[in-house]
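Here's the structure, in C-alpha cells; my notes come after.
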Amino acid sequence: MFKISLPDGSVREVPEGSTPADVAAAIGPGLAKAALAARVNGEVRDITRPFEEDAELALITARDEKDALELVRHDFAHVLAEAVQNLYPGTQITFGPATDDGFYYDFAPAPGRGPFTEEDLPAIEEEMRRVIARDELLIREVWQREDVRDFFRRTGETFKAEWVMELPEGKPITMYRSGQGDGKWLDLCRGPHLASTGKLDPQAFKLTRVSGAYWRGDPANPMLSRIYGTAWLNKKQLAEHLVRLEEATKRDHRKIGREMDLFHLQEEAHGSVFWHAHGFVIWRQLEAYMRRRIDEAGYEEIKTPQLMDARQWERSGHWGKYRENMFVVPDEVPGTDEAAPVLSGGADLMALKPMNCPGHVLVFKQGITSYKELPIRLYENGSCHRNEPHGALHGLMRVRQFTQDDAHIFCREDQIVEEARAFCALADRIYKDFGFTYSIKLALRPDNRFGSETDWDKAEAELRDAVVAAGMATPEFGWEELPGEGAFYAPKLEWHLTDAIGRTWQVGTIQSDRVLPERLDAVYVGEDGQRHRPVMLHRAIFGSYERFIGILIEHYAGRFPLWLAPVQAIVATIVSEADSYAGEVAAKLRAAGLRVDTDLRNEKINYKVREHSLAKVPLLLVVGKREAEEGTIAVRRLGSDERQQMMRLDEAIAAFAAEAVPPDLAPKQG
RNA sequence: GCCGCUUUAGCUCAGCUGGUAGAGCACAUCAUUCGUAAUGAUGGGGUCACAGGUUCGAGUCCUGUAAGCGGCACCA
C-alpha cells in the first residue's frame, strides 16, 4: 500500500499499481472526468501512470490553466504528427513541442514530396479531428534505447533513430502508443500526455502556418517542414486568441505607418527607412527628449565618422568577426570615362560603421585622461549600417541602416556598480514615460566565451549588484537570470518591455567590456601616476530610434500621446464663413507651440471628422459660425466617449499647451 | 542565407481553363455651405515587379532575378 497525500491535507491509502486516475475516481466522478494529468511529488505525470512510492498528489484540471495548456498543446502536437503520417505515409516525424500559444511539429516529407504548404492544412486539421474523435488511448511505455533505435530504423524514421542514441544511456526511455492493437502509432516522447486524444477539444485548435526549420536548429542540417498550430483548452479561448491576433494585425506598424504617412520603405533602399514629415516629428521629439534625459544624467553628446579606414576596423577586431555584415567602400573617386571601369579596384578600403564603440574609444583616447575625470559618459545618436541577412529584415524593427541611442561609459573598476545602478534608474524613468512595464534579465556566460571563470564571476556579480543596489532585483521588475545568453566577451543586462497588448520587446541593454579598451589601448592615469585600463560600459535605452518608434506605433496603436503626435490638432470648419476664425485659432495654437493644421475644405463636417479620426489626430477643433461669434471652439478628442466639449479659445490653448509638454518637463504630479 | 508563399492604378483588391486590363477608396474638375465617422456628378490614371522562354497570341504557363510576407538561422 502507498500513502497518497492530497493538497487538502488528507491522506489516502491505495494498493500498489494504483494510478492518480484511480484516486480521482475514488474522490468523485466529476473529478475523474475533469482530471487531465497529475502532479506527483511536484512532477507532472500521466494520470494513468501507477504510483511507485508514497507520494504527494495534486490532480491537474483545466483550472490549472498553465499546466493544462502545456499538456494540451503537447498532445495536439502528437495528434498532428499522427494525422500527418496517416495522410502522408513515408513522412518522417522529428520534434513537436508546445509553444506560447500552441504547438508545432517538424516533419521530413516523404521522398519525392515537397514541403507542406498552407493548402495542406485543412485536410490535416480534418484528420486531426478524426484522431480526436476516435478517442485513442495514449499509453506510456518504457523501452530500452537500442530497441527504440531498432524500431525507428525498421520504420524508416532516421531522425528519431539518430536522436534516441543521443539520449543519456541507461535511463529509461518512454514511448507513447496511440490507440489499441499492435503498434498503431508510436512516438518517442518524454511525455506526459493526457489519457486519450478524446480529452482534447476538437474546436480549440487551428493550424496556422507552415515554414521551414533546420533539423536541430543547425543550418548545416537538412531543412524540415514545420507545421504550426495554435491550441487552447476550449473554443472560447481559441476565439479570444484569434481576436488578439487580429488586434495585433491592426496595430502593425507597417500598416499604421502608411495610413498615418509616417514613413515608407522601397526596393531601391531596402532595409533603410524613408521618414516622412509626420514620422520624423516623432523622431525629433524622441531625440529632444533623450537629449534632455542624457544631459541631466551627466553624459556628453558627440558625433563620430560614418566611414573609417578598414585598418581601424581591423584593430577593433570587427574586420575579422563582423565583416560579413559590414558595408565596405573603396576610398576612390569613380572614373568618369564611360568606356573605362568605374573603379580601379586598387583603392584602400573604408567601411561604414556597424557600431559606434570604436569611434567612442578614439574620442576617449584624445589627450590624457586622469582618474579624477572618470567616469566619462559619451553619448551619440549613432547612425549605423549593418548588412543583415535579408530574411531578417522586418519593417522598422530590423533594418540595415539605423540610429542607436548609444553611449559608452568609461570608468574605473570601482565605479562599475554605481554606473550600472544609475543606468537602471535612468532606464526606469524613460520606459515609464512611455507607459511601458518591463522586466530586467541578466544574461550569463555562454558556452563559447573569452576570459577566465574568475573574470566572469566578477563581471556577472557587478551587474547583479547594480540591479540589487537599484532595488530592482525583485519579481516586480521581472528580475531573472538567463544562463548561457550573454555575449562572448561579457554578461549583459537586458530590458524587456511589455507593450499595451502584452507582447514583449527587448530594447535596452548595458554590458561591461574589458576587451575593446585593451584592443584599442584606451588608458587613464591613476592616482599612482601609472597607466590603467578603463572599463567600457556599452548601453542603450531605445535600442534604435527606428525600432523604438516601431514599437511605439504598435504600443499606442498609432494613437500617440499629445507630445508625440505628428499632428496634434486640426481646426476644421463647418462653413466657409468660419475660415478666417479658423486661421486665427490655428495661428494662436501654433504660437503656443502646438502642431496644428486647418481643414477649410468644402466638405461636410462628418467627412472631416471621419477623415481626421482615421488619421488618429488627437484633437479635432470644430469651428462654425457660433464659435466664430463667441470666441470658442468645439473640442472633439480622439477616442473620447463624449462627443464634444465647448471651450473658450484662450482656455483651450492653455490646456492643450500644458498637455503637450513632454513627460520629463511636466510638473511632477502629487 | 535557408524553406514556403506573394508581387495587377497612390492604397485595398478582382481578373475562371492563355484571346491584348476592372472595382472601391484616393486624386482632379464642377455643383453643393451642409453642426460631429463617407454629398452628388464627371474625369484622368496601369510596360500587370524585372529579365528571358513557350505560343499565332502571356497579367494568366515555364525559368531566372529582385523585393515583400510567414517562419528558420542570424541579431557579437
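The values are calculated or read from the model by the stated rules, or taken from the named source; none is laboratory data. All values reported here derive from a predicted model rather than from experimental measurement. Quick reminder, even Gly has a Cβ in these numbers, built from the backbone with ideal geometry, and neighbours come from all protein chains shown. Calculation scope for accessible area: heavy atoms of the full protein, side chains included, ligands and nucleic acids excluded. Shrake-Rupley method; radii C 1.70, N 1.55, O 1.52, S 1.80 Å.
The figures follow:
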| item | result |
| --- | --- |
| Pair list, Cβ under 6 Å, 6 or more apart: region A:254-278 residue farther than 18 Å from A:ARG386 by Cβ, other residue near RNA strand B (Cβ under 7 Å from one of its atoms) and open to solvent by less than 60 Å² (accessible area, probe 1.4 Å) | A:ARG254/A:GLY395 |
| Residue count, region A:581-619 (criterion: of a type in the set (S, T, N, Q) and free of Cβ contacts under 8 Å to residues at least 12 places away in the same chain) | 1 |
| The listed residue being touching a residue at least 24 places away in the same chain (Cβ under 8 Å) and either open to solvent by less than 60 Å² (accessible area, probe 1.4 Å) or not aliphatic (A, V, I, L, M) (or both), out of A:ALA461, A:ALA470 | A:ALA470 |
| Answer residue from region A:25-51, given it is in a loop (DSSP other than H, G, I, E, B) and within 17 Å of A:GLY198 (Cβ to Cβ) and is most open to solvent (accessible area, probe 1.4 Å) among those | A:THR48 |
| Filtered residue count, region A:521-535, keeping only those that are among the aliphatic types (A, V, I, L, M) and either touching a Phe, Trp or Tyr at 6+ places or on another chain (Cβ under 6 Å) or modelled with pLDDT under 95 (or both) | 1 |
| Scope region A:1-24; condition surrounded by 16 or more Cβ atoms within 10 Å (Cβ to Cβ) and in a loop (DSSP other than H, G, I, E, B); matching residues | A:SER18, A:THR19 |
| Number of the condition not met by A:PRO122 [criteria: (1) more than 16 Å from RNA strand B (Cβ to nearest atom); (2) exposed (fewer than 13 other Cβ atoms within 10 Å of the Cβ); (3) in a helix (DSSP H, G or I); (4) of a type outside the set (Phe, Trp, Tyr)] | (1) |
| The listed residue being open to solvent by 10 Å² or more (accessible area, probe 1.4 Å), among the basic types (Lys, Arg) and within 30 Å of A:GLY212 (Cα to Cα), out of A:ARG386, A:ARG412 | A:ARG386 |
| Answer residue from region A:108-118, given it is within 11 Å of RNA strand B (Cβ to nearest atom) and modelled with pLDDT of 90 or more and is surrounded by the fewest Cβ atoms within 10 Å (Cβ to Cβ) among those | A:PRO109 |
| Condition check for A:ALA591: open to solvent by less than 70 Å² (accessible area, probe 1.4 Å), modelled with pLDDT of 95 or more and not polar (S, T, N, Q) | no |
| Pair list, Cβ < 6 Å and 6+ apart or interchain, from region A:202-216 residues that are farther than 29 Å from A:ASP135 by Cα and without any contact (Cβ under 8 Å) to a residue 60 or more places away in the chain to residues that are among the aliphatic types (A, V, I, L, M) and surrounded by fewer than 16 Cβ atoms within 10 Å (Cβ to Cβ) | A:TYR214/A:MET223 |
| Close pairs (7 angstrom Cβ cut-off, 6 or more residues apart or separate chains): of a type in the set (S, T, N, Q) in region A:482-503, outside any loop (DSSP other than H, G, I, E, B) and more than 15 Å from RNA strand B (Cβ to nearest atom) anywhere | A:THR498/A:THR437; A:THR498/A:TYR438 |
| Region A:296-328, residues that are loosely packed, with under 15 Cβ neighbours inside 10 Å and either among the β-branched types (Val, Ile, Thr) or over 22 Å from A:ARG386 (Cα atoms) (or both) | A:GLU296, A:GLY298, A:GLU300, A:GLU301, A:VAL328 |
| Tally of residues being surrounded by fewer than 19 Cβ atoms within 10 Å (Cβ to Cβ), not hydroxyl-bearing (Ser, Thr, Tyr) and not in a loop (DSSP other than H, G, I, E, B) across region A:429-442 | 3 |
| Flag if A:PHE423 is more than 30 Å from A:ILE282 (Cβ to Cβ), open to solvent by less than 20 Å² (accessible area, probe 1.4 Å) and away from RNA strand B (no atom under 16 Å from the Cβ) | no |
| Qualifying position, being closer than 23 Å to A:ASP100 by Cα and not in a helix (DSSP H, G or I), among A:LEU194, A:LEU167, A:LEU238, A:LEU245 | A:LEU194 |
| Members of region A:181-221 found to be within 16 Å of RNA strand B (Cβ to nearest atom) and either more than 26 Å from A:PRO115 (Cβ to Cβ) or aromatic (Phe, Trp, Tyr) (or both), listed by number | A:TYR214, A:TRP215 |
| Strands (runs of 3 or more DSSP E) wholly inside region A:314-406 that include at least 2 residues being in contact (Cβ under 8 Å) with a residue 12 or more places away in the chain and within 24 Å of A:LEU426 (Cβ to Cβ) | A:376-385 |
| Test for A:THR155: is it out of contact with any Cys (no Cβ under 7 Å at 6 or more places or on another chain), open to solvent by less than 60 Å² (accessible area, probe 1.4 Å), among the hydroxyl-bearing types (Ser, Thr, Tyr) and at pLDDT below 95 | no |
| Residue check, A:LEU224 of a type in the set (A, V, I, L, M, F, W, C), within 10 Å of RNA strand B (Cβ to nearest atom), in a strand (DSSP E or B) and buried (at least 20 other Cβ atoms within 10 Å of the Cβ) | yes |
